[in-house]
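J.: The structure follows.
The values are calculated or read from the model by the stated rules, or taken from the named source; none is laboratory data. A quick note: this is a predicted structure, and the numbers were derived from the prediction, not measured. Please note: Cβ atoms are built from the backbone with ideal geometry, for glycine as well, and neighbour counts cover all protein chains shown. SASA here: full protein model, heavy atoms, side chains in, ligands and nucleic acids out. Shrake-Rupley method; radii C 1.70, N 1.55, O 1.52, S 1.80 Å.
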Amino acid sequence: MEPETAFSAIGEDLICIGRVTVFLQQFANALALGSVYALFAIGFTLIFGVLEIITLAHGTIFMVGAFAGLLAVTKLHLGLGPAILTAMLAAGTLGWVIDLVAVRPLRKRSFHHLAPMIATIGCATFITSIAQGLFGAEAYRFPFDFVPATSYTLGPVQLTLLQLIIIAISFAFMVIIIVLLHKTKWGKAVRAVAENRRTAALLGIPVDRVYQITSFTAGALGGAAGILTGINFNTIHAFMGGPMLHRGIAVVILGGMGDIRGALLGGLILGFSEIMSVAYISSDFRDAVSFGLLFLILLLKPAGIFGRTGERKV
Amino acid sequence: MLKVQNIIKDFGGLRVLDGVVFQVAEGAIFGLIGPNGAGKTTVFNIVSGLLQPTDGRVIFNGADITRLPPHAIAAQGISRTFQNIRIFGEMSLLENVLVGMHRLFSYSPAAMFFDLPKKRTEEKLLREKACDILSLVNLEDKADWAAKNLSYGGQRKLELARALATDPKLLLVDEPAAGMNPAETEELMDEIVQINRRGYTICVIEHDMKVIMGICGQIAVLNFGELIAEGSPEEVKRNPLVIEAYLGKEG
Amino acid sequence: MKLPGKALVLVTAIALFATASPAAEIRIGVAEALTGPVAKYGVPIRNGFALAAEEINAKGGIKGNKIELIIEDEQGKKEEAINVFKKFIFKDRTLAIFGPTLSNSAFAADPIANAQKTIVFGTSNTAEGITAIGPYVFRNSIAEADILPKVVGVAKKKLGLKKVAILYGNDDSFTKSGYDVFKRVVEQEKLQVLTTETFAKGDIDFSAQLTKIKNLNPDAIICSALVEEAANIILQARKLGMPERIRFIGGNGFNSAKLMEIAGKAAEGSISGSPWFLDDPSAKNQEFVRTYTAKFSIPPDQFAAQAYDALYIMAEGIKAAKLSGNLEKDRTALRNALAKVKNFKGVGGLFSFNENRDAAQKGRVLIIKKGKFSLYAE
Amino acid sequence: MGEFLASTWYTYNTLLYTIFVNGMLALSIYLTLACGQLSLGNAAFMGMGAYTAAILTMKAGAPFGIALIAGGALPALVALIIGIPTLRLSGVYLAMATLGFGEVVRVAFLNMSITGGSLGLNGVPAKTEFWHLLLVMGILIYFFVKLKSSRFGRALEAINEDETAASVMGIRTTLFKVWAFAAGAFIAGVAGGLNAHFTFFVSPREYGFEFAVDILTFAILGGTQTFWGPIVGSTILTLLPELLRFMGPYRLALNGLILLFVVIYLPNGIVSRDTFKKKADRG
């Protein structure tokens, strides 16, 4: 049924205002959703850019972040800020441990380039199974009013405090990461390793340490995405990482593997395409539209939006 | 036989080749020399189809091959080796050569699946030929070794054999002497001459002019993407531009 | 860390099931999803069976014979369900089988049990056509088609509904079946459908659909969803400023304490339907809820209740059947006896099988008031 | 004794069937891996095959053989269409494109009426016999043995090792990659058709991203240097959860750990070239 029929009695002006209102609200929805996707994808793309592996444990890290935050709030009665830090610390540590246990042993030898990815699948299966053993398969949520349910009415648009916090935190983290990468000594080291690990090693950069720091940072960002998603969407369970990982991969591909700006933009594009396809096409075709778009962008720009196609390496 | 006409190549704003022109005559050993970074390998990459030039044309036996894909250029009869050896390390020596012979095979997937006589005779015939080619570079006794287990010099020879296996009219050889000691270099140059005598036209890149001075009839000199001299070794040697840009530095 | 203790208990439990098997035991296979995402349904089902078996055995079993449950995990995957069913039929030689958790797996595994003339009794399969697989297939899970017409009818009458919006999960057979029924009922009741929106399993953000619906200003939102999604949908709707006047109407999927746990106050006034509900004041149900909660430290849901009743229904059948010790004959005898079970009094009220071995049970319309399910209409 | 054998067979034959089907799927992805390409679309191809074959036998009454071949041909055709633009590029682009493709296929299954939407198709007739699986697997193994020592196998291996060098040798790399991709799709489709006819049920849920990753895991864990690797890998990974049943709720945890340790200690897969070499040395 078209919106027109609902409004037909009220007059043309109102139809127009109604449409604009809905659009603005959907825009806000898309921004909130897209920024979570972006935050999740940044960690994922960071690992790919620096360690050159596709880590399929990132969804699990996301889930662990959400549970760590939940426990911090329910057992330790921490506030929002400390809970986010706890989640990031826990998820970051897990990221570091996964690197230590599953990826590092495979780094030095010559092996199939997909072997580390399979190792991260092993980790993901293990951790998910343990989480299910500990928490069961059912969903949990943060306590009611953990974040006040305040809504802000910006003109015709309603945004909850939480949505604003999520958008703010996501963008803040992205800016922090980009600044760290470009302005600090460690950031430069990380970029040098991402560019060419052999040259970086020759220049005296402790490559292994860079890998560890990257793994920790990426994990922490995944954990932040996890707790924020957990607070906003109230469904924390052992398998929550699956759909997120799936979308995260799409985002990273869209933006260009290993590119942080790409993850940001890709996350927003996916958020917008999901929301807007529901709003203006049909919710039946949401995933088809989103992934069809991905497919199309790849045909036009095979390396993603910010990916370097360049000349074939010879 | 090969005409390189006014090739220009830009890499993201940087001009790597600027109007390179030269000709390789049939049956010759042609030398393309110049200091490191002069753009020699880029010329090879353009001729073999791995790179597209920004401007200019490559004519081979009268046909324009400028924008053909690499496999089509190989089919025209141009083969090459690489400066940084690119053999198929996990495959055996024999298989490496057989890959080189890829376009000489013609049996169908059905012939493969049903083991038809056409497949068997073709495989048998060409395997024998592959052994012959390996013996040309004295590697026939290691035919079933994995290529990665060969010595450095052996791998260079294998790469040469694999390039020959495509049955080329023109063979592009990229710095064959890189990383070799003088004795090995001399042996290799000998082999190149042998190959040339069998009727293959050869174009060889070298940054050390002395190495190929003795075997080339004609030499072109590149410096910073520009052709600064062309002629017989003696002429080139006396060219002041060459001495300044290149020989002078070598001392 | 809770892990080692819990693991130990589970391992011993499994060891007990595996070793304690003296002669006169009635073996029944339980194939449910105990790991993986589907485990959130499979585990309560397993608990329901375990509690019922414990009670029956504590009272001396059935005619002195104890019930031995053999519990296997089928992960919610169809191949696994087939493997487990075959293990029960051929290796463990069970008298009957409960499960599997999902209708999808049932379509794959039930034909095998039916072909071997072994009873398969589903407690959570709601898809159409399950019992049509064959004469050995039973279920006590009541299909959405049996409840939803009543729910919508009651809601329409009491609330004076005219315009509704529909929201459902389109990639899940349970929620899709629910939608199909809703669609039919809404047409019969001559309600105007302003929009039909969908979501996918695992979605967490429903803001786009809800914004669209909110703008169309319906009288109610008809929602075919599983409990986690339903709770989140209701919660997000209220956050987007959807007035409480707009009620949510759902089916079996709403029927879990999780709905209030996740949606909290937002769930108030939501209407659903089911034969069983947690806060049903009947003594039998209160006793069940109390012992279940004490044993598993989580209140039962509809899955647990239906499994609990199912084992008692099976026990009725076993009591009535003349068992000879010949497994093949006993399976058939039990099948014939089970089909005759009538007016069994369970926690979900009076239960009988209809001629298609489906549940012939009265659904009740429920409303959430003060954080509890209460009766809206019988 | 005979009865024991019969009951053992009936208990475990579906497991055995699944091992064969997973083996075929692993081989289907091996074909693309063998020329250096990573496909995440093989689960979707399997699904297309399963639906096509099931619809043909259920609704058109087609003979099983025809249904299977059609179930292989349709995904192969689709693979050709999407392979030509994506495979001209090297690197992991195919993986990315096929990821998006898989999702589009899933949504298509959900929204078509002939596929039964989210309810799927139930009542697929029981047509798959053990000899069908043996025959298909036999043909595949024969095919891979023949391929290995042919010009086609050498070309694929050369592309896998060094695409640039292979192209200079006159190998039409794109053509080979597209054909390998399409042939893989064919195998996956046939495997899907076989699977549908012993599990009696097809639904869109089963052929998603997770299963695509499972298929990839079969191949990588087993090793992709020879075609035996994927077969061994899929067999082990199919059996493992069954063997770990005694672990109860933590069996998937152990499954994950085993996967991790195998990859770390055998990064080239369980079966590598060295495996054969050692055997040859001993022999």
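J.: Six or more apart or on different chains, Cβ atoms under 9 Å: show the pairs whose first residue is in the range D:92-121 and on the phi > 0 side of the Ramachandran plot and within 7 Å of chain A (Cβ to nearest Cβ) and whose second is surrounded by fewer than 22 Cβ atoms within 10 Å (Cβ to Cβ) and part of a helix (DSSP H, G or I).
T.: none
J.: So how many residues does the range D:20-39 have that are more than 10 Å from chain C (Cβ to nearest Cβ) and either more than 20 Å from D:Phe176 (Cβ to Cβ) or over 11 Å from the mean Cα position of the chain (by Cα) (or both)?
T.: 11
J.: Further question on the same structure: What number of residues in the range A:182-205 are loosely packed, with under 14 Cβ neighbours inside 10 Å and β-branched (Val, Ile, Thr)?
T.: Here the count works out to 2.
J.: What residue, among those in the range B:1-58 that are among the aromatic types (Phe, Trp, Tyr) and touching a strand residue (DSSP E or B) at 6+ places or on another chain (Cβ under 6 Å), is nearest to the other protein chains (Cβ to nearest Cβ)?
T.: Among those that are among the aromatic types (Phe, Trp, Tyr) and touching a strand residue (DSSP E or B) at 6+ places or on another chain (Cβ under 6 Å), it is B:Phe44.
J.: Checking the structure you have, find out if any residue of the range B:215-238 is modelled with pLDDT under 85, assigned to a helix (DSSP H, G or I) and open to solvent by less than 30 Å² (accessible area, probe 1.4 Å).
T.: no
J.: Only helices (runs of 4 or more DSSP H) wholly contained in the range A:231-313 count here; list those with 2 or more residues that are at the interface with chain D (Cβ under 10 Å from one of its Cβ atoms).
T.: Those helices (runs of 4 or more DSSP H) span A:241-255, A:286-300.
J.: Given the condition within 21 Å of B:Arg86 (Cβ to Cβ), in contact with a helix residue (DSSP H, G or I) (Cβ under 7 Å, 6 or more places away or on another chain) and either in a helix (DSSP H, G or I) or not hydrophobic (A, V, I, L, M, F, W, C) (or both), answer yes or no: does some residue in the range B:105-127 qualify?
T.: Taking every residue of the range B:105-127 in turn, none turns out to be within 21 Å of B:Arg86 (Cβ to Cβ), in contact with a helix residue (DSSP H, G or I) (Cβ under 7 Å, 6 or more places away or on another chain) and either in a helix (DSSP H, G or I) or not hydrophobic (A, V, I, L, M, F, W, C) (or both).
J.: Would you check which residues across the range D:233-283 are over 30 Å from C:Lys86 (Cα atoms), modelled with pLDDT under 85 and among the hydrophobic types (A, V, I, L, M, F, W, C) and list them?
T.: The answer is D:Phe276, D:Ala280.
J.: Another question, if that's okay. Can you tell me which residues in the range A:169-181 are open to solvent by 30 Å² or more (accessible area, probe 1.4 Å) and closer than 15 Å to A:Gly267 by Cβ?
T.: A:Ile169, A:Phe171, A:Ala172, A:Phe173, A:Val175, A:Ile178
J.: Give just the number: which of (1) in contact with a helix residue (DSSP H, G or I) (Cβ under 9 Å, 6 or more places away or on another chain); (2) within 21 Å of A:Trp96 (Cβ to Cβ); (3) at pLDDT 90 or above does A:Ile176 not satisfy?
T.: Checking A:Ile176 against (1) in contact with a helix residue (DSSP H, G or I) (Cβ under 9 Å, 6 or more places away or on another chain); (2) within 21 Å of A:Trp96 (Cβ to Cβ); (3) at pLDDT 90 or above, the one that fails is (1).
J.: Can you pull out every residue in the range D:192-207 that is open to solvent by less than 20 Å² (accessible area, probe 1.4 Å) and either closer than 26 Å to D:Tyr10 by Cα or at the interface with another protein chain (Cβ under 9 Å from one of its Cβ atoms) (or both)?
T.: Of everything in the range D:192-207, those that are open to solvent by less than 20 Å² (accessible area, probe 1.4 Å) and either closer than 26 Å to D:Tyr10 by Cα or at the interface with another protein chain (Cβ under 9 Å from one of its Cβ atoms) (or both) turn out to be D:Gly192, D:Gly193, D:Leu194, D:Asn195, D:Ala196, D:His197, D:Phe198, D:Thr199, D:Phe201, D:Val202, D:Ser203, D:Pro204.
J.: On to the next question. Which residue out of B:Phe105, B:Phe114 is of a type in the set (Phe, Trp, Tyr), open to solvent by 80 Å² or more (accessible area, probe 1.4 Å) and out of contact with any strand residue (DSSP E or B) (no Cβ under 8 Å at 6 or more places or on another chain)?
T.: Criteria check complete, one pass: B:Phe114.
J.: If you check every pair at least six apart or on different chains, which have Cβ atoms under 8 Å apart with a residue in the range D:38-60 that is in contact (Cβ under 8 Å) with a residue 40 or more places away in the chain and assigned to a helix (DSSP H, G or I) first and a residue that is hydroxyl-bearing (Ser, Thr, Tyr) and surrounded by fewer than 24 Cβ atoms within 10 Å (Cβ to Cβ) second?
T.: D:Tyr51/D:Thr115; D:Ile55/D:Thr115
J.: Within the range A:132-146, is even one residue open to solvent by less than 10 Å² (accessible area, probe 1.4 Å), outside any loop (DSSP other than H, G, I, E, B) and touching a residue at least 60 places away in the same chain (Cβ under 8 Å)?
T.: no
J.: Restricting to the range A:129-165, and then to whatever is β-branched (Val, Ile, Thr) and closer than 25 Å to A:Leu78 by Cα, can you tell me which residue is farthest from the other protein chains (Cβ to nearest Cβ)?
T.: Taking the candidates together, the pick is A:Ile165.
J.: Which ones in the range C:246-277 are part of a loop (DSSP other than H, G, I, E, B) and either open to solvent by less than 20 Å² (accessible area, probe 1.4 Å) or assigned by TED's automatic domain parsing to the domain that holds C:Gly349 (or both)?
T.: Residues satisfying the conditions are C:Ile246, C:Gly250, C:Gly251, C:Asn255, C:Ser256, C:Gly269, C:Ser270, C:Pro275, C:Trp276, C:Phe277.
J.: Taking the condition of being more than 21 Å from the chain's Cα centre (by Cα) and part of a strand (DSSP E or B), how many residues in the range C:324-371 meet it?
T.: Residues in the range C:324-371 being more than 21 Å from the chain's Cα centre (by Cα) and part of a strand (DSSP E or B): 1 in total.
J.: Among the residues of the range C:148-173, which ones are out of contact with any helix residue (DSSP H, G or I) (no Cβ under 7 Å at 6 or more places or on another chain) and either farther than 26 Å from C:Ala307 by Cβ or surrounded by 24 or more Cβ atoms within 10 Å (Cβ to Cβ) (or both)?
T.: If the condition is that a residue be out of contact with any helix residue (DSSP H, G or I) (no Cβ under 7 Å at 6 or more places or on another chain) and either farther than 26 Å from C:Ala307 by Cβ or surrounded by 24 or more Cβ atoms within 10 Å (Cβ to Cβ) (or both), then C:Val151, C:Gly153, C:Val154, C:Ala155, C:Lys156, C:Lys157, C:Lys158, C:Leu159, C:Gly160, C:Lys162, C:Lys163 are the ones that fit.
J.: Still on this structure, please answer the following. Name the residues in the range C:204-216 that are touching a helix residue (DSSP H, G or I) at 6+ places or on another chain (Cβ under 7 Å) and not basic (Lys, Arg), would you?
T.: C:Ile204, C:Asp205, C:Phe206, C:Ser207, C:Ala208, C:Gln209, C:Leu210, C:Thr211, C:Asn215, C:Leu216
J.: Another question about this same structure. Looking only at residues that are of a type outside the set (Asp, Glu) and more than 7 Å from chain A (Cβ to nearest Cβ) in the range C:194-216, which one is farthest from the chain's Cα centre (by Cα)?
T.: Within the range C:194-216, the match that is farthest from the chain's Cα centre (by Cα) is C:Lys214.
J.: Given the conditions (1) crowded, with 16+ Cβ neighbours inside 10 Å; (2) within 13 Å of B:Leu94 (Cα to Cα), which single one is not true for B:Ser135?
T.: Failing condition for B:Ser135: (1).
J.: Among the residues of the range B:67-92, write down those that are assigned to a loop (DSSP other than H, G, I, E, B) and open to solvent by less than 10 Å² (accessible area, probe 1.4 Å).
T.: B:Gly77, B:Thr81, B:Phe82, B:Phe88, B:Met91
J.: Which of the residues spanning the range C:234-245 are open to solvent by less than 10 Å² (accessible area, probe 1.4 Å) and in contact with a strand residue (DSSP E or B) (Cβ under 6 Å, 6 or more places away or on another chain)?
T.: Result: C:Ile234, single match.
J.: I would also like to ask the following. Can you find even one residue in the range C:85-95 that is away from chain A (no Cβ under 14 Å), of a type in the set (Phe, Trp, Tyr), more than 23 Å from C:Gly346 (Cβ to Cβ) and buried (at least 24 other Cβ atoms within 10 Å of the Cβ)?
T.: Within the range C:85-95, one or more residues are away from chain A (no Cβ under 14 Å), of a type in the set (Phe, Trp, Tyr), more than 23 Å from C:Gly346 (Cβ to Cβ) and buried (at least 24 other Cβ atoms within 10 Å of the Cβ).
J.: Right, next: Could you list, in sequence order, the residues of the range C:350-364 that are touching an Asp or Glu at 6+ places or on another chain (Cβ under 8 Å) and of a type outside the set (Lys, Arg)?
T.: Within the range C:350-364, C:Phe351, C:Ala359, C:Gln361, C:Gly363 qualify.
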